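Structure first, then comments.
The values are calculated or read from the model by the stated rules, or taken from the named source; none is laboratory data. As the structure is a computational prediction, the values presented were derived from the model and not from experiment. Here the Cβ positions follow ideal geometry from the backbone for every residue, glycine too, while neighbour counts run over all protein chains shown. Accessible surface is based on the protein model in full, side chains and every heavy atom, while ligands, DNA and RNA are left aside. Shrake-Rupley method; radii C 1.70, N 1.55, O 1.52, S 1.80 Å.
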Amino acid sequence: QVQLVESGGGLVQAGGSLRLSCAASGRTLSSYAMGWFRQAPGKEREFVSCISWSGASTDYAPSVQGRFTISRDNAKNTVYLQMNSLKPEDTAVYYCAASNRWLPTTRALYDYWGQGTQVTVSS
């Protein structure tokens with residue numbers, strides 16, 4: 001069993017930056033691909049980014065490509081999402097998740113989820 005806890009969310013102006021963290025406990029993250037998803041009010045939870053177990057491979061949603069960077073530190077059992085040039089449409093609850101699959105971009109392929117952290121971008 002893996003427990004995931006997100007942190008780093010908050011209120012930021014458009015154009016600003018935030019760094020989200022996802023800390024794991026229970027089991028080491030090094031054998032899992034990790035992903036970030038987000039859910040805005042009234043919308044489906046959508047894929048943002050994922051990273052392979054080694055960190056060598058990543059994938060991004062087109063809407064965040066070039067602005068967000070996913071990374072991981074397996075020694076610290078932590079995954080990060082650096083978000084730059086934030087836009088009001090990035091406002092959502094952000095969730096991290098762990099998967100036994102290779103770079104999954106589909107919500108159903110993730111096995112463990114955190115509780116989420118709120119990101120609000122003001123215009």
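Taking C-beta distances below 4.7 angstrom as the pairing criterion, name the unpartnered cysteines of the chain, in sequence order.
Cys50 - these cysteines have no disulfide-compatible partner (Cβ-Cβ under 4.7 Å) in the chain.
Mind jotting down the three principal axis lengths of region 76-123 based on Cα atoms? Whole angstrom, largest first.
The Cα atoms of region 76-123 stretch 38, 26, 19 Å along their principal axes.
Could you give each residue of region 64-70 its phi-based ³J(HN,Hα) in whole Hz, using Karplus coefficients 6.51, -1.76, 1.60 with θ = phi - 60°, and x for Gly or Pro?
Karplus-based 3J(HN,Hα) across region 64-70 equals 10, 3, x, 10, 9, 9, 9 Hz.
Given the options Leu18, Leu81, Leu29, state which has the largest fluctuation in a GNM of the chain using a 10 Å cut-off (strictly under) for Cα springs.
Leu18
Provide the per residue accessible area, probe 1.4 Å, for region 64-123, rounded to a whole number of square angstrom.
48
For region 11-123, what log10 I(q)/I(0) values come out of the Debye formula at q = 0.22 1/Å, with one point per alpha carbon and no solvent?
Ignoring solvent entirely, the Cα scatterers give -1.23.
Using amide H atoms built in the peptide plane, which far-off residues or other-chain residues are under 5 Å from Val48 H to H?
Trp36, Phe37, Arg38
With θ taken as phi - 60° and the coefficients 6.51, -1.76 and 1.60, list the Karplus ³J(HN,Hα) couplings across region 73-87 in order, rounded to whole Hz; mark glycine and proline as x.
10, 5, 5, 9, 6, 9, 10, 10, 9, 8, 10, 10, 6, 5, 10
Restricting to Cα pairs below 8 Å that are 6+ residues apart, what does the relative contact order work out to for the chain? Please round to a whole percent.
36
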